[in-house]
Amino acid sequence: MKVLQVNNLSRYQKQFARDVWNNEYPQTLFHRTDDTFDAYLNSLDDVNHYFIEIDNVTVGWFMDFVRQGDKWFAVIIDRASHGIGLGQEVLQYLKTSNSSLYGWVITEDSNYVRKDGSPYLSPLAFYLKHGFEICEGETLVTNKINAVKVVWRR
C-alpha cells in the first residue's frame, strides 16, 4: 500500500474521491454534482487528503480534518479492495500522527443500499475491533442516515 498525501485536490483526485464516495457510501449520501461535493469539502477545516494506491492504481481515499477542536476522519475504500487489510493499515497510519480520532459511523441496524442497489454494511464492528469506542449519547439522526459518534484515544 502506498499513501499519497495532498492538501489541495487535483481535478482527477476530486473526481476519484466523489466517485468512491458515491459508489461505497449509502445512496442517501450521494453527491449528484461537483458543487454539492465541493460544498461538503469546503465546510471542513484543516483538511488533509490521502489516496491509497496499490500497484499504481488508486483504490481508496481518506481524510482527516478538524471539527470543533477535535481531529475527525473519514475512510472510503473501493469494494474491490476490501478484505485485504487496507482499512487496518489506514487506521494505523492515522493513529501514528494523532492522539485521538473522531468519526460518525452508520449503525448496525441500518437498512441502507449503495447507488448500485447492493446493501451498505455498517463498519461499526470493524472500528470497535480496532480500538474505537462509541461515545454514549452522541448520535446523528437525519433523513439521510442514523449514525453513532466513535472515538479512538491513544
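Bear in mind these aren't lab numbers, they're just calculated from the coordinates by the rules spelled out. From a predicted model like this one, the values you see are computed outputs, not experimental measurements. Please note: Cβ atoms are built from the backbone with ideal geometry, for glycine as well, and neighbour counts cover all protein chains shown.
The table for this structure:
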item	result
Alpha-carbon centroid distance for the pair segment 102-141 / segment 1-74, whole angstrom	18 Å
Of LYS2/LYS129; LYS95/LYS129; LYS71/LYS115; LYS95/LYS144; LYS2/LYS71, pairs whose Cα-Cα distance is over 26 Å	LYS71/LYS115; LYS95/LYS144
Projected label distance in nm at ASN48 and ASP35, using a 7 Å step from Cα toward the beta-carbon	3.3 nm
Antiparallel content of DSSP bridges confined to the chain, in %, to 5	95 percent
Segment 30-147 - percent relative contact order, Cα under 8 Å, separation 6 or more	15 percent
Summed residue charge, Cβ within 14 Å of TYR40's Cβ, Lys/Arg positive, Asp/Glu negative	+1
